[in-house]
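To keep things clear, I will list the structure first and then write my remarks on it.
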Amino acid sequence: MDFLNTLKRVFTWWDGQTIGTQLLTWRTGVRVGEDAQGNVFYRNADDSRRWVIFKDEAEASKVNADWHGWLHKTFREPPTDRPLPHQPWQKPHQQNLTGTAMAYAPAGSIRRAEPQDRRDYEAWSPE
């Protein structure tokens, strides 16, 4: 079983870090911080590369705007050193829910859990 896990880590990237990323992190990675979801952020010594090790499945929408800006070098300092100001009306970060049971479904959608009264719709019938 250990051989299959090792083989999986060599060839897959969506379920955690690959062996290549683990070696890069071990050799040159400087831990910068961790977000509320458990994702860990790294950079190399001269700050020419920045990367994230996801806690669970590698899903880019799990990275909030503060860390996203740091990863793409929009911000020089990481949010752990210089947090961005947030407005009281801003909602907390939420990953993309498309394709899940919690995805947005507008009124009248067949994906909504509760049935909607569709009186605004009149079915066409040929005469």
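Every number here is computed from the coordinates shown, using simple stated rules; none is lab data. The structure presented is a predicted model; accordingly, all values stated were derived computationally and were not measured. Reconstructed Cβ throughout: ideal geometry from the backbone, glycine too, with neighbour counts over all protein chains shown.
With +1 assigned to the C-beta of every Lys and Arg and -1 to the C-beta of every Asp and Glu, and no other charges, what is the dipole magnitude of the chain about the Cα centre in debye, to the nearest 20?
500 debye
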Task: Charge dipole of the chain about the Cα centre (unit charges at C-beta), most positive-ward option of Leu97, Ala45, Gly108 - done: Ala45
TODO: Starting from the stretch 7-102, pick out the GluC sites (Glu not before Pro) whose DSSP state is loop and whose Cβ has at most 14 other Cβ atoms within 10 Å.
DONE: Glu57, Glu59
TODO: For a footprinting-style exposure proxy, rank Ile19, Ile110 by other Cβ within 10 Å, fewest first.
DONE: Ile110, Ile19
Open item on the list: Restricting to Cα pairs below 8 Å that are 6+ residues apart, what does the relative contact order work out to for the chain? Please round to a whole percent.
Closed with: 15 percent
TODO: Note the angle between two axes, namely the Cα long axis of helix 19-28 and the longest principal axis of the Cα atoms of the chain, as a number of degrees from 0 to 90, rounded to the nearest 10.
DONE: 50 degrees
TODO: Please report the relative contact order for the stretch 2-71, taking Cα pairs under 8 Å with a sequence separation of at least 6, and give it as a percent rounded to a whole number.
DONE: 26 percent
Task: Full-extension gain in nm, His86 to Ala113, via 0.36 nm per residue minus C-alpha separation - done: 6.4 nm
TODO: Would you mind computing Rg(Cα) / (2.2 N^0.38 Å) for the chain, counting N as its residues?
DONE: 1.56
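Kirkwood Rh, Cα Rg: Rg to Rh for the stretch 2-71? Mind dumping the intermediate values first?
Working: Rg = 12.5 Å, Rh = 12.7 Å.
In the stretch 2-71, Rg relative to Rh is 0.98.
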TODO: Can you work out the PRE-style zone for Gln37? Point 7 Å along Cα to Cβ, and I want the residues of the stretch 74-105 with backbone N under 13 Å.
DONE: 92-98
